Amino acid sequence: MTTLIPHWIRGAEASGTSGRTAPVHNPATGEQTAEVALASTDDVATAVASAKEAAIAWRESSLSRRSAVLFAFRQLLHERTDELAAIITAEHGKVLSDAAGEIARGLENVEFATGVPNLLKGGFSEQASTGVDVYSMRQPLGVVAGITPFNFPAMVPLWMCANAIACGNAFVLKPSEKDPSAANWIARLWQEAGLPDGVFTVVHGDKEAVDALLTHPDVSAISFVGSTPIAKYIYETGTSHGKRVQALGGAKNHALVLPDADLDMAADALVSAAYGAAGERCMALSVAVAVGDIGDELVAKVAQRLPGLRVGDGAAEGTDMGPLITAEHRDKVRGYIDAGEAAGATLVADGRTGDHPQGGYFLGTTLLDHVTPEMTVYTDEIFGPVLSVVRVETYEEGLELINSNQYANGTAIFTRDGGAARAFQHDVHVGMVGINVPIPVPVAYYSFGGWKDSLFGDTHMYGPEGINFYTRGKVVTQRWPDPATSTIDLGFPRTR
């Protein structure tokens with residue numbers, strides 16, 4: 001009998017009322033391993049009601065208590081990383097070391113949130129006017145929700161929930177139904193760390209659950225990471241229902257490789273950033289922009305490194321790249337390779353061929369040269385192990401190529417010229433920039449997010465902007481005058 005993965009409501013498993021489920025597969029074998037419950041609108045209402053009740057008491061908890069729970073959660077997560085990594089690999093497919101790396105980056109966000117007593121310090125101005133003091137504070141929103149993607153089933157939820165909970169909110173997580181078990185594991189860990197029941201809730205589901213969260217009057221804010229069309233829908237629907245929304249969309253991340261770059265280092269970086277996690281990363285480098293006459297040498301160096309990559313079960317020792325998440329997604333990526341070849345791109349390495357393991361959703365590494373901006377392999381977010389090489393004559397041409405792209409999530413430049421690097425980081429219209437760093441995901445005490453069609457809303461995720469997103473500012477102006485001096489004054493208040 002197939003195992004059912006339930007919701008997590010009021011600190012316990014809940015099967016829900018919809019009667020609907022979705023299959024969960026191991027993408028390395030193609031075998032169904034479980035079913036996940038899909039929430040109805042009523043299930044979401046129950047979850048939000050539980051979170052709303054829990055949020056009242058949690059808001060009143062001291063900053064010291066919140067910090068203590070976060071420290072306990074951090075320690076448990078650190079000690080049991082291998083356990084969670086195995087769950088991620090079994091349902092997502094990424095190799096164990098990559099899963100552990102994902103958890104480590106999520107752990108950084110928990111560590112940042114443990115400093116909540118300092119993060120929520122307000123300001124105070126004595127004697128702003130005669131006998132008048134002014135001070136500011138930040139207060140929680142109440143119930144907030146996160147809708148997270150399949151490619152980072154632990155890290156992205158931790159981007160959201162650590163700050164949200166630290167700030168005194170109750171958090172409702174709607175993870176991807178493709179790899180849902182990590183969310184329930186995290187819920188149990190929060191409980192073990194001492195978080196009161198209802199402060200962290202998990203509802204599994206599809207569009208019905210998403211729409212129920214977007215329209216529920218007791219959900220104050222929505223955080224989302226996923227594709228651009230869905231991010232736009234989340235933003236428009238959530239804001240039209242009066243919610244604060246941060247919605248991170250898709251990407252087409254470029255690496256600009258200048259003629260003076262160390263090409264061996266650049267090739268190592270391109271291979272690592274393009275093919276890690278089978279390319280299923282919003283920060284993957286999917287376009288290499290070769291400047292000047294280095295194209296042939298750069299392509300050759302990247303190609304030389306590909307035969308050494310081992311594609312297989314992410315749980316097997318020595319595997320470098322696992323499968324894609326579903327058979328449908330594998331076939332979609334394959335279709336992009338077909339289209340690139342038909343459009344005239346040079347197929348240097350073909351991931352459609354080779355001795356791939358049977359039964360799973362595998363593709364090998366694909367390298368396309370002489371890609372042009374009108375090809376779909378360039379214009380679309382492929383989200384697979386495909387690296388396209390575009391050749392340009394000058395730095396200025398490469399910069400214009402990047403700046404004219406609809407996406408503006410991440411980019412990188414490879415050079416030994418500090419002046420060129422400084423000019424690039426100043427002039428490029430992209431939210432996250434790496435200088436000789438291929439995947440410039442900010443550390444937890446900065447904030448993550450792109451520009452243009454890679455972000456809907458004004459607030460980036462986690463770090464200082466995350467604290468602001470999950471709180472509201474309030475300013476208090478006070479005085480304690482002698483009642484004997486009280487008079488009526490209809491004039492506008494002055495400070496001097």
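Sorted into 5 angstrom bins from 0, the C-alpha pair distances of the range 369-459 split as 2, 12, 20, 26, 22, 12, 5, 1 percent. Amide H contacts of Leu258 (H built 1.01 Å from N, in plane; Pro and chain starts excluded): Phe414 sit under 5 Å, all sequence-distant by 5 or more or on other chains.
Each of Trp185, Ser220, Pro153 was placed along the dipole of the range 136-249 (beta-carbon charges, centred on the mean Cα), and the one lying farthest toward the positive end is Ser220.
Within the straight-line cut-off of under 14 Å between alpha carbons, the aspartates and glutamates reachable from Lys243 are Asp211, Asp218, Asp458, sequence neighbours fewer than 8 places apart in one chain being disregarded.
Taking the Cβ of Asp350 as the centre, find all other residues whose Cβ is under 11 Å away and add up their charges (Lys, Arg: +1; Asp, Glu: -1).
0
Amide H contacts under 5 Å for Val24: Thr33, Ala34, Glu35, Val36, restricted to partners 5 or more places along the chain or on a different chain, H placed in the peptide plane at 1.01 Å from N. Net charge dipole, the chain: roughly 1840 debye, given to the nearest 20, about the Cα centre with Cβ charges of +1 for Lys and Arg and -1 for Asp and Glu. About its Cα centre, the range 171-218 has a charge dipole of approximately 120 debye under the convention of +1 per Lys or Arg Cβ and -1 per Asp or Glu Cβ, with nothing else charged. Arranged from fewest to most other beta-carbon atoms within 10 Å of their beta carbon, Ser486, Ser97, Ser223 become Ser486, Ser97, Ser223.
Compute the angle between helix 181-192 and the longest alpha-carbon principal axis of the chain, please, reported from 0 to 90 degrees and rounded to the nearest 10. Once rounded, one gets 30 degrees.
Give the angle, between 0 and 90 degrees and rounded to the nearest 10, that separates the Cα long axis of helix 41-60 from the longest principal axis of the Cα atoms of the chain. Around 50 degrees separate the two axes. Other residues whose C-beta falls under 11 angstrom from the C-beta of Val134 contribute a net charge of -1, scoring Lys and Arg +1 and Asp and Glu -1. Among the trypsin sites (Lys or Arg not before Pro) within the range 388-468, those in coil by DSSP and having at most 16 neighbouring Cβ atoms inside 10 Å are Arg416. Work from the charge dipole of the chain (Cβ charges, +1 for Lys and Arg, -1 for Asp and Glu, about the Cα centre) and give the residue of Ser136, Cys282, Ala72 farthest towards its positive end. Positive-most Cα among the choices belongs to Ser136.
Cross-link reach is defined here as a Cα-Cα straight distance under 18 Å, omitting same-chain residues fewer than 8 places apart; for Lys252 the lysines meeting it are Lys232, Lys332, Lys452. Other residues lying with their Cβ under 14 Å from the Cβ of Thr21 contribute a combined charge of -3, Lys and Arg counting +1, Asp and Glu -1. Could you tell me the center-to-center distance, by alpha carbons, between the range 387-437 and the range 28-73 in angstrom? Comparing the Cα centres of the range 387-437 and the range 28-73, I get a distance of 40 Å. Here Lys178 is the anchor, and the aspartates and glutamates within straight C-alpha reach of less than 16 Å, apart from those fewer than 8 places off in the same chain, are Glu31, Glu35, Glu91, Asp206, Glu208, Glu280, Glu328. A helix-only calculation puts the chain at -11500 deg cm²/dmol for mean residue ellipticity at 222 nm, using -39500 (n - 2.57) for each DSSP H run of at least four residues, averaged over all residues. Annotation: amide H of Ala349 within the under-5 Å range of Leu367, sequence separation 5 or more or interchain, hydrogens built in the peptide plane. Applied to the range 287-301, the Karplus parametrisation 6.51 cos²θ - 1.76 cosθ + 1.60 on θ = phi - 60° returns per-residue 3J(HN,Hα) values of 9, 9, 9, 8, 9, x, 9, 8, x, 4, 5, 5, 4, 4, 5 Hz, with x for Gly and Pro.
Taking neighbour Cβ counts within 10 Å as the exposure measure, how do Cys167, Cys161, Cys282 sort from fewest upward? Could you put the intermediate results ahead of the total?
Values: Cys167 28, Cys161 31, Cys282 25.
Fewest-to-most Cβ neighbours within 10 Å comes out as Cys282, Cys167, Cys161.
Report P(r) for the range 295-373: all Cα-Cα distances, bin width 5 Å, range 0 to the bin holding the largest distance, values in whole percent. Calculated over all Cα pairs of the range 295-373, the distribution is 3, 15, 23, 22, 19, 12, 5, 1 percent. Arranged from fewest to most other beta-carbon atoms within 10 Å of their beta carbon, Trp58, Trp185 become Trp185, Trp58. Can you tell me the orientation of helix 263-275 relative to the chain, as the angle in degrees between its alpha-carbon axis and the longest Cα principal axis, to the nearest 10? Computed tilt is about 70 degrees.
Filter the GluC sites (Glu not before Pro) in the range 395-439 down to the DSSP loop ones having no more than 14 other Cβ atoms within 10 Å, then list what survives. Passing both the DSSP loop test and the Cβ count: no residue.
Laboratory data are not the source of any read-out in this text; all were calculated from the coordinates shown. For clarity, every value in this text was computed on a predicted model and none was experimentally measured. For neighbour counting, all protein chains shown are included, and Cβ atoms are generated from backbone atoms with ideal geometry for every residue, glycine included.
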